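Heads up: the structure comes next, in structure tokens.
The values are calculated or read from the model by the stated rules, or taken from the named source; none is laboratory data. Everything numeric in this text was worked out from a predicted model, so none of it was measured. With ideal geometry, Cβ positions are generated from the backbone for all residues, glycine too; neighbour counts draw on all protein chains shown.
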Amino acid sequence: MSFSVIIDWLQATLRWSAPLIVVAFGEVFAERAGVINMGIEGIMMFGALTGVMGAFYFNSLWVALLITVLVGLVLGILVSFLTISRRANQVVTGLMMNMICLGATDTIFSLMPESRQTRVQTFPVIFPKVMQNIPVIGPLFFAQPISTWIALVIPFIGGYIMYRTRWGLNIRAVGDNPQSCATAGISVIRLKYQAVILSGIFAALGGCVLTLAEVGYFSAGGMTGGRGFIVMAACVVGGWDPIRTSLVCLIFGAADAAQLRMQSANSIIPYQFFQMLPYLVTIVALTLMVKKSRVPKTWGAAYDPKDV
Amino acid sequence: MSEKISNRKKNTMYIPFLGDIAVSTGRTLLGIALGLLASAILIMISGVNPLAAYASLLNGAFGSPQAFSNVLVRASPLLLGGIAVSIGVKTGVWNTGIEGYMYIGAIGATLVGVHNLGLPPVLHILLCVLAAVILAGLWGAIPGYLRAYKGVNEVTSTIMLNYVAIYLTNWLVSDVTGLADKGAFYPMSLPLADSACLPILMKGTSLHPGPFLGIAVCLVFFFVINYTAFGYRTRMIGSNPFAAKYAGANSRRQIMTMIVLGAMIGGLSGAIETMGLKYRLYMDFVTGVGYESVAVALLAGGNPISVILAAFFFAALKAGGATMSIETGVASSMNSIIIAMCMLFVIGVGIVDSRRTRKVVSTDKTSSSTSKETEEA
């Protein structure tokens, strides 16, 4: 394996991790607040579509981002209403959200045949050509689209919010002991809503990054390919810590990038086995790390204000 | 994690009084009605008269014996998948790997089925089914073991394994000599031997024995869950793990058993789809049935008898929906939207009111924390 192949792989790793990291940013907060938003897979798919639609019909990435945020907001509100206000089963709600999003994106996409073959405008590379040509770090960092840079920065913002702000403290407290929070005068329901809506918005943005960072088109029939579930696994493996979860996302992204590279490498091993790689890595990582993670105490449980 | 909430869900299934049944059934029906209404609005937005669309849907499901046999055929994987998820729900696990089990089962059936072994059909079919069930059971043992003994959440692991199963199937049907039909226009296996195909029960349709087998499996589990010691242990672990532990039930083994059993039923379902309907193993032949099975189990509240009703409801929606999309031009993906819409409303309307049993499971690491929570409570 030559040096350039490794650089290429590392570059792709960053690119493929970016959507995961963006989605994980929101999901970590939701899960810390005790709500598993399993709908992120579907919301991500929706974001992937709206990103492409916005870029195609309005020819503007800003509009694409705006629509994506709105869609994430609406779907996030839907998930939080069902799981928090109606105290519905979070697993089931998430799975049904995914089903509805898969159906809805396919339907919407089939109504806009004109955007099918066109590759839309993607996130720009902001650094000048000179910097991109620096060996090693040039292609690795400076040739990356802006979305990758954002993905590299937000885990630290997430860490700051989680551990250094009152809101982050409240979120953590709400997930661990909602009853005490309520006694202390914190609005548990409102905080949970905020966290889940945040996860919805960032899941949609992550989907947008998936399509608009490089590929530039949407494909029907489950384009996200389980990445939302991989992010949920990353949260467990990363112990619901924004920075560590992002590092885990990097590992999964690396598996994804390696998989794509090995597929075209023409080896004796059939390429389908490489396609399995990210999923197998996820299962192995979960198995190794699950006991070590400290679970938010009311993770996955509905909060009933009448509970004492 | 999921088990805690699923117990709450289960409270509604406890149903000690007739009034409760009426309330929960009423809520479910209300949810379905709202879901159909919301879908009607979506159909209208997509530019089709929803009344015409629903009329076409009904006609497509019940308009003729052929149409109804189509409903039956589509009910087969939903019945088996629904019961497979439901028995997991009874122990407090969400066995979302039906899709994967179906692929693995179909692989098992195909491996045995493509060769003409010179056996009488009954024997060949049984052999295929046996291979399917064993392979799928082994496959299900992975998430089962991880869940029961390592505390790995079964939803994530089964969904990851679904993708693995899909790619495994892709490889088998596109690359492997002796199994794949290499010159074909779409990745598929060689056709099954005649002796491995299930009989057609009604001329001019594709009605195979699958749906009746599905109903039989549901009935069997109704009795197993409600009237045997095994079933009692299962329900006890699902509804009150502490009591179960106290009574000496081995909840880890029980959870593992239920996931593996679910996997075997899923494998059977995949084998039946292959041997009764497709006669080959195709790439991507089960898109969506896995999630739909979860929806069936949810609608049925984990009750085996209700699984039959729920599976037929969804099968009618799917069969009729296919006709609807051909006749009225609604996008074919509208089908899954209608199903998911109904489910979302059922979830939204059916709020859990009773809190008779406290949640909690003792097998994974959430146990320590949740037990504290319960002690405090």
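Give the residue that is nearest to B:Leu201 (Cα to Cα), with candidates limited to residues of region B:67-90 that are of a type in the set (Val, Ile, Thr) and within 14 Å of another protein chain (Cβ to nearest Cβ). Steps first, please.
Initial filter on region B:67-90 (of a type in the set (Val, Ile, Thr)): B:71, B:73, B:83, B:85, B:87, B:89.
Now narrow it down to the ones that are within 14 Å of another protein chain (Cβ to nearest Cβ): B:85, B:89.
Details: B:Val85: 28, B:Val89: 33 Å.
Checked region B:67-90; the qualifying residue nearest to B:Leu201 (Cα to Cα) is B:Val85.
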Single condition A:Lys292 does not satisfy, out of (1) facing another protein chain (nearest Cβ under 9 Å); (2) within 30 Å of A:Val188 (Cα to Cα); (3) surrounded by fewer than 18 Cβ atoms within 10 Å (Cβ to Cβ): (1)
Scan of region A:74-98 for residues that are out of contact with any Asp or Glu (no Cβ under 8 Å at 6 or more places or on another chain) and at the interface with chain B (Cβ under 7 Å from one of its Cβ atoms), ordered by number: A:Leu82, A:Arg86, A:Ala88, A:Asn89, A:Gln90, A:Val91, A:Val92, A:Thr93, A:Leu95, A:Met96
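Which one is surrounded by the most Cβ atoms within 10 Å (Cβ to Cβ), of the residues in region B:66-108 that are hydroxyl-bearing (Ser, Thr, Tyr) and out of contact with any Leu (no Cβ under 6 Å at 6 or more places or on another chain)? Please lay out each step first, then the result.
Of the residues in region B:66-108, the ones hydroxyl-bearing (Ser, Thr, Tyr) are B:69, B:76, B:86, B:91, B:96, B:101, B:103.
Remaining after also requiring out of contact with any Leu (no Cβ under 6 Å at 6 or more places or on another chain): B:76, B:86, B:91, B:96, B:101, B:103.
Working: B:Ser76: 25, B:Ser86: 28, B:Thr91: 31, B:Thr96: 30, B:Tyr101: 38, B:Tyr103: 34.
My answer is B:Tyr101.
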Matching entry among A:Gln121, A:Gln117 (being more than 14 Å from chain B (Cβ to nearest Cβ), within 22 Å of B:Ser332 (Cα to Cα) and either assigned to a helix (DSSP H, G or I) or not β-branched (Val, Ile, Thr) (or both)): A:Gln117
Test set (1) out of contact with any helix residue (DSSP H, G or I) (no Cβ under 6 Å at 6 or more places or on another chain); (2) more than 14 Å from chain B (Cβ to nearest Cβ) - A:Leu205 fails condition number: (1)
Any hit, region B:259-270, residues being without any contact (Cβ under 8 Å) to a residue 60 or more places away in the chain and surrounded by fewer than 24 Cβ atoms within 10 Å (Cβ to Cβ): no
Filter pass, A:Ala104 being small (Gly, Ala, Ser), over 17 Å from the mean Cα position of the chain (by Cα) and within 14 Å of another protein chain (Cβ to nearest Cβ): yes
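Would you confirm whether any residue within region A:126-144 is of a type in the set (Phe, Trp, Tyr), crowded, with 24+ Cβ neighbours inside 10 Å and touching a Pro at 6+ places or on another chain (Cβ under 9 Å)?
The initial filter retains those residues of region A:126-144 that are of a type in the set (Phe, Trp, Tyr), namely A:127, A:141-142.
The next check asks that each one be crowded, with 24+ Cβ neighbours inside 10 Å; those that pass are none.
No: region A:126-144 contains no residue that is of a type in the set (Phe, Trp, Tyr), crowded, with 24+ Cβ neighbours inside 10 Å and touching a Pro at 6+ places or on another chain (Cβ under 9 Å).
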Filter result for B:Leu111 (in contact with a Leu (Cβ under 9 Å, 6 or more places away or on another chain), surrounded by fewer than 24 Cβ atoms within 10 Å (Cβ to Cβ) and closer than 25 Å to B:Cys197 by Cα): yes
Residue in region B:82-94 that is at pLDDT below 95, within 25 Å of A:Ala285 (Cα to Cα) and assigned to a helix (DSSP H, G or I) present: yes
Test: residue in region B:308-327 that is farther than 11 Å from B:Leu78 by Cα, buried (at least 22 other Cβ atoms within 10 Å of the Cβ), within 14 Å of chain A (Cβ to nearest Cβ) and among the hydrophobic types (A, V, I, L, M, F, W, C): yes
Index of the failed condition, B:Cys197 passing every other in (1) surrounded by 17 or more Cβ atoms within 10 Å (Cβ to Cβ); (2) under 27 Å from B:Ile305 (Cβ atoms); (3) within 24 Å of the chain's Cα centre (by Cα); (4) not hydroxyl-bearing (Ser, Thr, Tyr): (2)
All helices (runs of 4 or more DSSP H) inside region A:137-189 with 3 or more residues being over 16 Å from A:Pro296 (Cβ atoms) and in contact (Cβ under 8 Å) with a residue 24 or more places away in the chain: A:146-164
Near pairs, Cβ below 6 angstrom, 6+ apart or cross-chain, from region B:46-66 (within 14 Å of another protein chain (Cβ to nearest Cβ) and of a type outside the set (Gly, Ala, Ser)) to any residue that is assigned to a helix (DSSP H, G or I) and surrounded by 14 or more Cβ atoms within 10 Å (Cβ to Cβ): B:Val48/B:Thr328
Residues within region A:61-81 that are buried (at least 24 other Cβ atoms within 10 Å of the Cβ) and either at pLDDT 95 or above or closer than 22 Å to B:Met343 by Cβ (or both), tallied: 7
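What's the total number of residues in region A:210-233 that are within 11 Å of chain B (Cβ to nearest Cβ), part of a loop (DSSP other than H, G, I, E, B) and hydrophobic (A, V, I, L, M, F, W, C)? Steps first, answer last, please.
Residues of region A:210-233 within 11 Å of chain B (Cβ to nearest Cβ): A:220-222, A:225-233.
If we keep only those that are part of a loop (DSSP other than H, G, I, E, B) too, we end up with A:220-222, A:225-226.
In the following step, the residues that additionally are hydrophobic (A, V, I, L, M, F, W, C) were identified as A:220.
Total meeting the criteria: 1.
Please pick out the residue among B:Ser56, B:Ser24 that is surrounded by 14 or more Cβ atoms within 10 Å (Cβ to Cβ), in a helix (DSSP H, G or I), of a type in the set (Gly, Ala, Ser) and modelled with pLDDT under 90. Outline the logic, then answer.
Numbers: B:Ser56 fails: modelled with pLDDT under 90.
Result of the check over B:Ser56, B:Ser24: B:Ser24.
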Selection count, region B:173-216, where residues are more than 16 Å from B:Met275 (Cβ to Cβ) and among the aliphatic types (A, V, I, L, M): 6
Region A:164-204, subset charged (D, E, K, R) and surrounded by 14 or more Cβ atoms within 10 Å (Cβ to Cβ), residue farthest from the chain's Cα centre (by Cα): A:Asp176
Lone unmet requirement of (1) within 10 Å of chain A (Cβ to nearest Cβ); (2) surrounded by fewer than 22 Cβ atoms within 10 Å (Cβ to Cβ) for B:Pro191: (1)
Count of region A:1-34 residues which are farther than 21 Å from A:Ile157 by Cβ and modelled with pLDDT of 95 or more: 0
Test: B:Ile104 is among the β-branched types (Val, Ile, Thr), under 24 Å from B:Leu172 (Cβ atoms) and part of a helix (DSSP H, G or I): yes
